[in-house]
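*Asks:* First the structure, which I've put down as structure tokens, then a few questions once you've had a look.
The values are calculated or read from the model by the stated rules, or taken from the named source; none is laboratory data. Since the structure is predicted, the reported quantities are computational estimates derived from the model, not experimental observations. Neighbour counts are summed over all protein chains in view; Cβ atoms, including those assigned to glycine, are modelled from backbone coordinates with ideal geometry.
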Amino acid sequence: MRTRLHTEYLRNGWTSYWKMRIDQALAQGPAGVCVPYDLAVMYVRIGNADAAFPWLHKAIDNACVWDTFIRVDPKLDAIRADRRFEDLLVRVHQALH
């Protein structure tokens, strides 16, 4: 049996799939401490860095982003060249010390 997400992907591709996942996550509310990080990654996947960065900052506030992890997570490769990413790394490092 196909899920709505699977059907959405088959009909409209990955971007539509990730948009639907974002809508579902936002509708469910904060079910876990790292939901902001997951939302940020989903926004990166659809090419919306402007929406991803506020969620990454919330992830730092929730202490679910670690300095070493954020530096190497391949899901964030698309935003590494963005100046805001470097600012984010500084903030993560400061939060740890």
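*Asks:* For region 74-97, what are the residues that are in contact with a helix residue (DSSP H, G or I) (Cβ under 8 Å, 6 or more places away or on another chain) and at pLDDT 85 or above? Break it down into steps so the answer makes sense when it comes.
*Replies:* At the first step, the residues of region 74-97 found to be in contact with a helix residue (DSSP H, G or I) (Cβ under 8 Å, 6 or more places away or on another chain) are 75-76, 78-79, 82, 84-85, 88-89, 91-93, 95-96.
Within region 74-97, 75, 76, 78, 79, 82, 84, 85, 88, 89, 91, 92 meet the criteria.
*Asks:* Do any residues in region 75-95 that are within 17 Å of residue 64 (Cα to Cα) have Cβ atoms under 8 Å from those of residues that are charged (D, E, K, R) and not in a loop (DSSP other than H, G, I, E, B), where the two are at least six apart or on different chains, and which pairs are they?
*Replies:* Once the first residue is within 17 Å of residue 64 (Cα to Cα) and sits in region 75-95, its partners that are charged (D, E, K, R) and not in a loop (DSSP other than H, G, I, E, B) give 75/45; 89/67; 89/71; 92/67; 93/67.
*Asks:* Of the residues that make up region 47-56, is at least one surrounded by fewer than 19 Cβ atoms within 10 Å (Cβ to Cβ) and not in a helix (DSSP H, G or I)?
*Replies:* Taking region 47-56 as the starting set, the residues that turn out to be surrounded by fewer than 19 Cβ atoms within 10 Å (Cβ to Cβ) are 47-51, 54.
Now narrow it down to the ones that are not in a helix (DSSP H, G or I): 47-48.
Yes; the residues of region 47-56 include at least one that is surrounded by fewer than 19 Cβ atoms within 10 Å (Cβ to Cβ) and not in a helix (DSSP H, G or I).
*Asks:* In addition: Those residues that are hydrophobic (A, V, I, L, M, F, W, C), surrounded by fewer than 14 Cβ atoms within 10 Å (Cβ to Cβ) and out of contact with any Asp or Glu (no Cβ under 9 Å at 6 or more places or on another chain), I need them from region 67-97; list them, please.
*Replies:* Passing the criteria: 69, 72, 81, 90.
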